[in-house]
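Laboratory data are not the source of any read-out in this text; all were calculated from the coordinates shown. The shown structure was predicted, so the numbers you read here are calculated from the model rather than taken from an experiment. We place every Cβ from the backbone using ideal geometry, glycine too, and count neighbours over all the protein chains shown.
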Amino acid sequence: MSHGCCGDDVKFDGASQAYKRVLLVVIAVNFAMFLVEVSGGLASGSMALLADSLDFLADSATYTISLVVIGMSLAVRAKAGLFKGISLLAIAAWVLGSTVYRMLGDAVPEPITMGTIGFAAFAANVFCALLLMRFKDGDANVRSVWLCSRNDAIGNVAVILAASGIWVTESMWPDLIVAGGMAALFCQSAILIIRQARTELQQDHETHQH
């Protein structure tokens with residue numbers, strides 16, 4: 001495990017060509033999977049797949065922001081991390097609201113499509129997470145990219161489990177439970193990102209006071 005988040009005051013800010021190349025690959029993979037998952041979510045009627053597809057889209061946008069602010073001041077990078085944390089909270093709110101709305105209906109998602117696309121998305125996110133592993137203890141901007149990729153991989157496993165649960169029970173509840181769990185995970189990661197970004201903003205403020 002890297003010690004970058006434990007004892008060092010200066011964290012990796014993403015300013016390396018290797019990291020930028022990895023980020024470009026991750027952005028492309030995430031946008032491609034957004035297109036696949038949103039189509040599959042609409043076709044299968046799965047709230048969990050739709051939630052995951054929205055997360056893929058948000059990740060594509062925020063990773064692009066991460067790429068743009070690399071090499072800029074700590075304040076700019078921390079503000080980018082703060083924006084991404086707030087965006088993740090907004091996604092969580094949408095997923096929770098949509099899940100509650102779906103509880104009022106009785107439509108059961110189609111599990112085969114859910115499971116197949118969930119597995120493909122899982123493979124894509126594991127690939128991205130492995131590429132980003134060595135950069136996971138960077139500043140708020142860099143760390144947010146790692147956390148989002150980790151969340152996506154966890155979410156994909158949950159989608160696959162939900163599809164299995166729907167197939168066995170012929171009920172919509174596995175899908176809704178997974179969507180709610182994903183929203184909770186988004187909230188937890190958003191709080192981590194926001195806290196680190198606020199700390200870095202405070203550090204930048206104190207540095208400029210001296």
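For the Cα atoms of the chain, what angle does the longest principal axis make with the long axis of helix 140-169, in degrees from 0 to 90, nearest 10?
So the inclination is approximately 10 degrees.
Considering only ILE112, SER66, ALA183, whose Cα is most displaced toward the positive end of the charge dipole of the chain, charges sitting on Cβ of Lys, Arg (+1) and Asp, Glu (-1)?
SER66
For n ≥ 4 DSSP H runs only, could you compute -39500 (n - 2.57) per run for the chain, divide by its residues and tell me the 222 nm figure to the nearest 500?
Counting only the DSSP helices, I get -29000 deg cm²/dmol.
Length gain on complete extension for the stretch THR207 to VAL36, per 0.36 nm per residue less the alpha carbon to alpha carbon distance?
57.0 nm
Positive end of the charge dipole of region 17-209 (Lys, Arg +1 and Asp, Glu -1 on Cβ, about the Cα centre): tell me which of SER98, ASN156, CYS128 has its Cα farthest that way.
Positive-end residue among those listed: CYS128.
Under the Karplus relation 6.51 cos²θ - 1.76 cosθ + 1.60, θ = phi - 60°, what is the ordered set of whole-Hz ³J(HN,Hα) values for region 46-62, x standing for Gly and Pro?
3J(HN,Hα) across region 46-62, in whole Hz: 8, 5, 5, 5, 5, 4, 5, 5, 5, 5, 4, 5, 4, 4, 4, 5, 6.
Note down, for the chain, the three equivalent ellipsoid semi-axes (square root of 5 times each alpha carbon gyration tensor eigenvalue), biggest first, whole angstrom. Mind showing how you got there, number by number?
On the way: eigenvalues 227, 59, 34 Å².
With the √(5λ) rule applied to the chain, the semi-axes are 34, 17, 13 Å.
What are the ³J(HN,Hα) values, in whole Hz, obtained from phi via the Karplus relation 6.51 cos²θ - 1.76 cosθ + 1.60 with θ = phi - 60°, for each residue of region 123-130 in sequence order, with x given for Gly and Pro?
Going residue by residue, I get 4, 5, 6, 4, 4, 5, 4, 5 Hz, with x marking Gly and Pro.
In units of 2.2 N^0.38 Å, what is the alpha-carbon radius of gyration of region 116-188?
Normalised Rg, Cα atoms only: 1.23.
For the chain, find the longest principal axis of its Cα atoms and tell me its angle to the long axis of helix 173-209, 0 to 90°, nearest 10.
In the chain, helix 173-209 runs at an angle near 10 degrees to the longest axis.
Ranked highest first by average number of other Cβ atoms within 10 Å, how do 29-39, 163-173, 77-87, 113-123 line up?
77-87, 113-123, 29-39, 163-173
Could you give the angle, 0 to 90 degrees to the nearest 10, between helix 17-44's Cα long axis and the longest principal axis of the Cα atoms of the chain?
That works out to roughly 20 degrees.
Determine the dipole magnitude for the chain: charges of +1 sit on the beta-carbon of Lys and Arg, -1 on that of Asp and Glu, nothing else is charged, the reference point is the Cα centre, and the result goes in debye to the nearest 20.
Its charge dipole is roughly 420 debye.
Describe numerically, in nm with one decimal, the distance between label points set 7 Å from Cα along Cα→Cβ at SER171 and at ARG198.
Inter-label distance under the simple model: 3.9 nm.
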